[in-house]
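Have a look at the structure below, then the notes.
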Amino acid sequence: MSGYTVPMKAADLFAGAGGFSTGAVMAGCSVVYAANHWPLAVEWHAANHPGTDHACQDLQQADFTALPDHDVLLASPSCQGHSPARGKDKPHHDAQRATAWAVVTACEVKRPPLAVVENVPAMARWVLYPAWCAAMNALGYSLAPMVLDAADSGVPQHRLRLFVVATRSRHPLELQLAQREHRAAAEVLDFNAGRWSQINRPGRSAATLARIAAGRQRFGARFLAPYYGSGSGETGRSLDRPIGTLTTRARWAVIDGERMRMVSAAEGRALMGFPAGYQLPANEAQAWGLLGNAVAPPQARDLISALRAAA
């Protein structure tokens with residue numbers, strides 16, 4: 001194993017907002033192709049990666065013979081069918097989980113030497129996960145699954161994700177990833193910006209007020225409080241540590257004395273580790289929809305850099 005000394009070509013399936021692609025570029029790769037079924041995601045991925053060939057389509061119906069040659073396949077199939085946050089399992093979650101089979105098809109058609117698949121850790125508990133792994137093994141890939149926290153890559157967010165590193169090698173690769181210092185959420189929050197409102201105003205829910213009261217007891221005047229959930233949803237969260245996992249809607253509120261506001265999408269971009277100039281929709285809901293589904297770019301950078309060194 002001598003490592004890649006030339007630029008590595010990457011293809012990104014289920015590319016979303018482009019977190020995986022951005023991390024790959026940070027790691028010295030050229031992203032030659034990106035695809036997603038959501039037109040909004042393709043639009044903004046193209047805005048930020050104009051030199052990449054884009055496709056907007058259902059990847060379970062894709063003709064992967066048209067996929068450009070590449071060294072590493074990056075893929076983030078739908079996580080909603082696996083995530084515990086989805087609530088009770090429903091029939092449409094089967095279709096969401098099935099998107100992972102598109103990765104197998106792409107690897108069968110193109111046989112890239114390397115592939116990295118990202119999802120929530122619960123994917124490993126999917127009833128068909130052993131069969132999915134067996135299919136990848138049958139194609140000649142050795143698999144190295146690992147659960148990584150984006151905070152360990154210097155992202156100011158605790159975000160646990162499963163990464164399955166697939167290599168056409170006899171044995172799975174053992175990667176040496178950089179362990180970076182954790183960053184506080186306070187580093188990227190701007191207390192002079194945003195739309196603030198008074199905490200004690202008519203219509204504020206009792207549950208929200210209870211969470212804020214609990215946070216004040218622990219952290220004083222300034223802290224983070226989500227609008228729902230357990231854990232820090234009940235107790236608040238210190239600004240001196242990474243924020244909790246960001247989702248596809250604005251979930252976290254910034255508390256400052258008697259006022260509060262939601263974390264903005266611009267702050268969410270920084271909390272995900274995207275570059276400051278990374279373009280997002282002006283519509284907050286659309287921007288959060290893209291951010292909450294993304295791979296944290298510095299985490300992708302560190303993983304792909306380690307893969308390049310070991311492969």
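Could you work out what % of the accessible surface of the chain is carbon and sulfur, using a 1.4 angstrom probe and leaving DNA, RNA and ligands out of the count?
Ligands and nucleic acids excluded, carbon and sulfur reach 52 percent.
Might you report the magnitude of the Cβ-based charge dipole of the chain about its Cα centre, with Lys and Arg at +1 and Asp and Glu at -1, to the nearest 20 debye? Don't skip to the answer; put the middle values down first.
Details: 30 positive and 24 negative charges, 201 e Å.
Charge dipole, the chain, about its Cα centre: 960 debye, nearest 20.
Spelling out what I want: for every residue of the range 246-251, take phi, set θ = phi - 60°, compute 6.51 cos²θ - 1.76 cosθ + 1.60 (Karplus), and round to whole Hz; glycine and proline get x.
Whole-Hz 3J(HN,Hα) from phi for the range 246-251: 7, 10, 7, 9, 5, 10.
Got a sec? Charge dipole of the range 180-311, +1 on Cβ for Lys and Arg, -1 for Asp and Glu; which of A186, L209, L303 is way out at the positive end?
Result: L209.
Can you give me the accessible area per residue for the chain, using a 1.4 Å probe, in Å²?
Spelled out: the 1.4 Å probe surface of the chain, per residue, equals 44 Å².
State to the nearest 20 debye the size of the charge dipole of the range 171-293 about its Cα centre, where the only charges are +1 on K and R beta carbons and -1 on D and E beta carbons.
That gives a dipole near 440 debye.
Relative contact order of the chain: what whole-number percent is it, with Cα pairs under 8 angstrom and at least 6 residues apart? Could you put the intermediate results ahead of the total?
On the way: 626 pairs, mean separation 62.5, N = 311.
After rounding, I find 20 percent.
Which longest run of the chain has no exposed loop site in it, a site being GluC sites (Glu not before Pro) in a DSSP loop with at most 13 other beta carbons within 10 Å, and the site itself not part of the run?
By the stated rule (loop sites, at most 13 other Cβ atoms within 10 Å), 1-173.
Any chance you could check the Cα centroid distance between the range 195-263 and the range 20-37 for me, in angstrom?
Here the two parts' Cα centres lie 35 Å apart.
What is the antiparallel percent of DSSP beta bridges lying wholly in the chain, to the nearest 5?
60
For the range 90-197, state which trypsin sites (Lys or Arg not before Pro) are in a DSSP loop and have at most 11 other beta carbons lying within 10 Å of their beta carbon. Walk me through the intermediate numbers first.
Values: sites: R97, K110, R125, R159, R161, R168, R170, R180, R183, R195; in loops: R159, R168, R170, R180, R183, R195.
Passing sites in the range 90-197 are R170, R195.
Are there chymotrypsin sites (Phe, Trp or Tyr not before Pro) in the range 229-306 that DSSP puts in a loop and that have at most 11 other Cβ atoms within 10 Å, and which ones? Spell out each step's value before the answer.
On the way: sites: W252, Y278, W288; in loops: Y278.
Those that pass, being in a loop and sparsely packed, number zero.
Using just the helices of the chain, give the 222 nm mean residue ellipticity in deg cm²/dmol: DSSP H runs with n ≥ 4 each add -39,500 (n - 2.57), and the total is spread over all residues, rounded to 500. Show your work: numbers first, answer last.
Details: 10 runs with 94 residues, N = 311.
For the chain, the value works out to -8500 deg cm²/dmol.
Grab the Cα-Cα distance for A285 and R180, subtract it from 0.36 nm times how many residues apart they are, and report the gain in nm with one decimal.
Difference between extended and current length: 34.7 nm.
Relative contact order for the range 3-76: what percent, with Cα pairs under 8 Å and sequence separation of 6 or more?
Averaging sequence separation for qualifying contacts and normalising by length gives 41 percent for the range 3-76.
About its Cα centre, what dipole magnitude does the range 234-294 give when the only charges are +1 on Lys and Arg Cβ and -1 on Asp and Glu Cβ, stated in debye to the nearest 20?
120
The values are calculated or read from the model by the stated rules, or taken from the named source; none is laboratory data. In this text, all values refer to a predicted model and were calculated from it rather than measured experimentally. Reconstructed Cβ throughout: ideal geometry from the backbone, glycine too, with neighbour counts over all protein chains shown. Keep in mind that these areas ignore ligands, DNA and RNA; they rest on the heavy atoms of the full protein, side chains included. Shrake-Rupley method; radii C 1.70, N 1.55, O 1.52, S 1.80 Å.
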